[in-house]
Amino acid sequence: MAETTLVGQNGMKPYLSVVIPVYCGVNTVQQVVEGVTRILTEAGIGFEIILVDDGSPDATWSVLHHVHRERPNLIKAIRLMRNFGQHNAIMCGLRHARGDYIITMDDDGQHPPEEIPKLLRAIEETGADVVYGVPRQRNHAPWRNLGSWIVVSFYKLVFRTRVTPSAFRIMRRQVVEAILSYDLNYTYIDGLLAWNTDRIAQIEVEHRPRKVGRSGYNFAKLFTLAMNLFTNFSLLPLQIVSASGIAVAFAGLVLGLYYFVQKIVGNIAVPGYASLIVAVLILGGLQLLALGIIGEYLGRIHLNINKQPQYTIRESLPSLSTSDNTISEANNSSSSLDTNNT
């Protein structure tokens, strides 16, 4: 494998943080950690790995304990009190990252660690703040690909970009620091990044088939993620409802004038109610749709005002390479700490 030629401050290679949200990763996360460790050690790059257990109901935390004991100088492990979702877990990991660059990747082995040097070279060569590793071919089930397509399509529509977001991404510390001020529950990392920079690039990477288990995302969760994207980062749904209301009102006016003329010229002998029923159904459906969308916005405002936590930490295992005050300092109003450091 070709060694990366990246240099950071003072002519030294950059320090890298790898953030991995983990959910039911008993059979995969250790192999992912070993792969990342091997690749970055061979490249001679200083790094840390931050594992965030997103409320796994299985023995994932025990595996993270074991992984931490094997490499206490490289690994931080954090356990959340319940399942808060992938993007919230990533925000937790970002708040504990110290690297010049931060990489996020999945725990299931579908993002090859061998592609990390390619991401590092790409962010340096392009000068971008964010580089996504986009799969040449997604090795997911058809329904999963459909859900991902919906989210990606919404993202491109909202932010007017051709870049395809991916969970395999590398970010400069500057842009990560910029998004950490966001402490609300409905988190969408790629939307926060697009809010703060337009220097975003992508490269093609390998995407491996999942060997064991299944994705923690189902179609409903992906659709919810798409709704979070729309309601948190765009007024487009409200604008669509407004435009639909105007269009239907105009169509109703035209239809009313048409029937008025027909009545004058005597072409309507027996008044019927079919057109009336159709109009009522269409208008009623549009009104319910509008109320539903407005309700989604109001519901999120309500929960955010009540400060529903972005995540809550149950316990953490800090790395031993530094005194690591990051664990205690990184907590802010978005999260609560109940740490039992071991």
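The values are calculated or read from the model by the stated rules, or taken from the named source; none is laboratory data. None of the values given here were measured: they were computed from a predicted structure. Because the Cβ atoms are built from the backbone with ideal geometry, glycine has one as well, and the counts that use them run over all protein chains shown. Surface accessibility is based on the protein's heavy atoms, side chains included, excluding ligands, DNA and RNA. Shrake-Rupley method; radii C 1.70, N 1.55, O 1.52, S 1.80 Å.
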When both residues are 6+ apart or on different chains and their Cβ atoms are under 8 Å apart, which pairs have a first residue that lies in region 229-242 and is at negative phi and of a type in the set (Phe, Trp, Tyr), and a second that is modelled with pLDDT of 75 or more and not in a helix (DSSP H, G or I)?
-> PHE233/TYR188
Applying the selection to region 90-112, what residues are closer than 16 Å to VAL33 by Cβ, open to solvent by less than 10 Å² (accessible area, probe 1.4 Å) and either among the acidic types (Asp, Glu) or outside any loop (DSSP other than H, G, I, E, B) (or both)?
-> GLY93, ILE103, THR104
Within region 305-320, restricting to residues that are surrounded by fewer than 15 Cβ atoms within 10 Å (Cβ to Cβ) and not basic (Lys, Arg), the one that is modelled with the lowest pLDDT is ASN306
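Which residue is most open to solvent (accessible area, probe 1.4 Å), if the candidates are limited to region 28-50 and must be in contact (Cβ under 8 Å) with a residue 40 or more places away in the chain and within 15 Å of ASP106 (Cβ to Cβ)?
Step one: of region 28-50, the residues in contact (Cβ under 8 Å) with a residue 40 or more places away in the chain are 28-29, 31-33, 35-36, 38-40, 42-45, 47-48, 50.
Remaining after also requiring within 15 Å of ASP106 (Cβ to Cβ): 28-29, 31-33, 35-36, 50.
Numbers: THR28: 22, VAL29: 0, GLN31: 109, VAL32: 9, VAL33: 1, GLY35: 9, VAL36: 0, ILE50: 0 Å².
If we take residues in region 28-50 being in contact (Cβ under 8 Å) with a residue 40 or more places away in the chain and within 15 Å of ASP106 (Cβ to Cβ), then GLN31 is most open to solvent (accessible area, probe 1.4 Å).
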Taking region 187-216 only, how many residues are within 15 Å of the chain's Cα centre (by Cα), crowded, with 20+ Cβ neighbours inside 10 Å and modelled with pLDDT of 90 or more?
-> 6
Since GLY25 meets every condition but one in (1) modelled with pLDDT under 95; (2) surrounded by fewer than 24 Cβ atoms within 10 Å (Cβ to Cβ), which condition does it not meet?
-> (2)
In region 151-186, the residues that are surrounded by 17 or more Cβ atoms within 10 Å (Cβ to Cβ) and part of a helix (DSSP H, G or I) | VAL151, VAL152, PHE154, TYR155, VAL158, PHE159, ARG173, VAL175, VAL176, ALA178, ILE179
Cβ-Cβ under 8 Å pairs, at least 6 apart or on other chains, region 159-171 side more than 11 Å from ILE103 (Cβ to Cβ), far side open to solvent by 30 Å² or more (accessible area, probe 1.4 Å) and assigned to a strand (DSSP E or B) | THR161/ILE200; VAL163/ILE200; VAL163/GLN202; THR164/GLN202; SER166/GLN202
